[in-house]
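All remarks here apply to the structure that follows.
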Amino acid sequence: MITGPQMRAARALIGIDQKTLAKLAGLSVPTIQRMEAGSGNVRGVVDSLTKVVEALEFAGIELIGEGSVSTASGRGVRLKMPSSKH
């Protein structure tokens, strides 16, 4: 699965806008906007989600699931879970 924030962060890492991602994935801009709008897992047509993931991976993004280990090399970022201690 991919989340809306992951999609936005992935685009930021490779310096593309929603229009460019839509073109790379063969989808419409409103579809990309809808996918990125939520804070949780992206919902929608599996085919569309697959196209986005493949386009991002082709552009050099490694999507890392929660609790997964990164197996690729290169620089990147990961969102930490907030600490329960304040």
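Coordinate-derived values only; no laboratory data. Computed from a predicted structure; not experimentally measured. Please note: Cβ atoms are built from the backbone with ideal geometry, for glycine as well, and neighbour counts cover all protein chains shown.
Which is the longest part of the chain that has none of the GluC sites (Glu not before Pro) sitting in a DSSP loop with at most 16 other Cβ atoms within 10 Å?
The answer is 1-61.
Enter the angle in degrees (range 0 to 90, nearest 10) between the Cα long axis of helix 4-14 and the first principal axis of the Cα atoms of the chain, meaning the one along which they spread out most.
80
Given [x] 13.5; [y] 16.7; [z] 15.0 as candidate values of Kirkwood radius over Cα pairs in Å, which corresponds to the one derived from the coordinates?
Read-out from the structure maps to [x].
What angle do you read, to the nearest 10 degrees and between 0 and 90, between the alpha-carbon axis of helix 46-58 and the longest principal axis of the chain?
The angle comes out near 70 degrees.
In the chain, which longest range has no trypsin sites (Lys or Arg not before Pro) that are both DSSP loop (not H, G, I, E or B) and surrounded by at most 13 other Cβ atoms within 10 Å?
1-42
Relative contact order for the range 1-81: what is it in percent, counting Cα pairs under 8 Å that are at least 6 residues apart?
Reported relative contact order: 34 percent.
When the helices in the chain are scored as -39500 (n - 2.57) per DSSP H run of 4 or longer and the sum is shared across all residues, what 222 nm value do you end up with, to the nearest 500 deg cm²/dmol?
The per-residue figure over the chain is -14000 deg cm²/dmol.
Quick one: which residues, 5+ away or cross-chain, put their amide H under 5 Å from the amide H of Thr3? H built at 1.01 Å from N.
Sorted by chain and number, the residues that satisfy this are Val42.
Using a simple spin-label model with points 7 Å from Cα along the Cα→Cβ vector, what separation in nm is obtained for Glu54 and Ser70?
Label at Glu54, label at Ser70, 2.5 nm between them.
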